[in-house]
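Peer 1: Sharing a structure with you now.
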Amino acid sequence: MEFISKQDLELFRLRMIGDIEKILESNFNHANEDFGWLRSKAIRKMMDISPATLQNLRVSGKIRFKKVMGSYYYNRLDLLNLFNDEKYCCYEGTGISR
């Protein structure tokens, strides 16, 4: 039978902390590769569009979204690509311009 010393526990603690930090860092880096998910209000302000326009884009399937606890999150890059696409840039009255 082997006994565990305080030094063994301290080494174990340091290793666990190091492993957890690596996992969190990896998850953070992976999340950044996702190009950022922003809430509706931030997207509307950034793109200068109304809530109805954002809802229409979501309902029509033109943009990806996630719903988390009642709040919608949109992929920022999807929206920028959508508004840079020629076929969606010429609707009058939507706040969308070239």
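Peer 1: Can you tell me which residue is modelled with the lowest pLDDT among those in the range 48-93 that are part of a loop (DSSP other than H, G, I, E, B) and open to solvent by less than 40 Å² (accessible area, probe 1.4 Å)?
Peer 2: Looking only at the range 48-93, we keep the residues that are part of a loop (DSSP other than H, G, I, E, B), and these are 48-50, 60-64, 69-70, 85, 89-93.
With the extra rule that they be open to solvent by less than 40 Å² (accessible area, probe 1.4 Å), the set shrinks to 49, 63, 89.
Values: Ile49: 87, Ile63: 86, Cys89: 51.
Filtering first and then ranking leaves Cys89.
Peer 1: When the range 24-47 is examined, which residues are found to be modelled with pLDDT of 85 or more and open to solvent by 90 Å² or more (accessible area, probe 1.4 Å)?
Peer 2: Arg39, Lys41, Lys45
Peer 1: Within the range 4-14, is there a residue that is at pLDDT below 85 and either of a type in the set (S, T, N, Q) or in a loop (DSSP other than H, G, I, E, B) (or both)?
Peer 2: Keep residues of the range 4-14 that are at pLDDT below 85, which gives none.
The answer is no, given that none of the residues of the range 4-14 is at pLDDT below 85 and either of a type in the set (S, T, N, Q) or in a loop (DSSP other than H, G, I, E, B) (or both).
The values are calculated or read from the model by the stated rules, or taken from the named source; none is laboratory data. Everything quoted here is computed from the prediction, not taken from an experiment. Areas reflect the complete protein model, heavy atoms only, side chains present, ligands, DNA and RNA absent. Shrake-Rupley method; radii C 1.70, N 1.55, O 1.52, S 1.80 Å.
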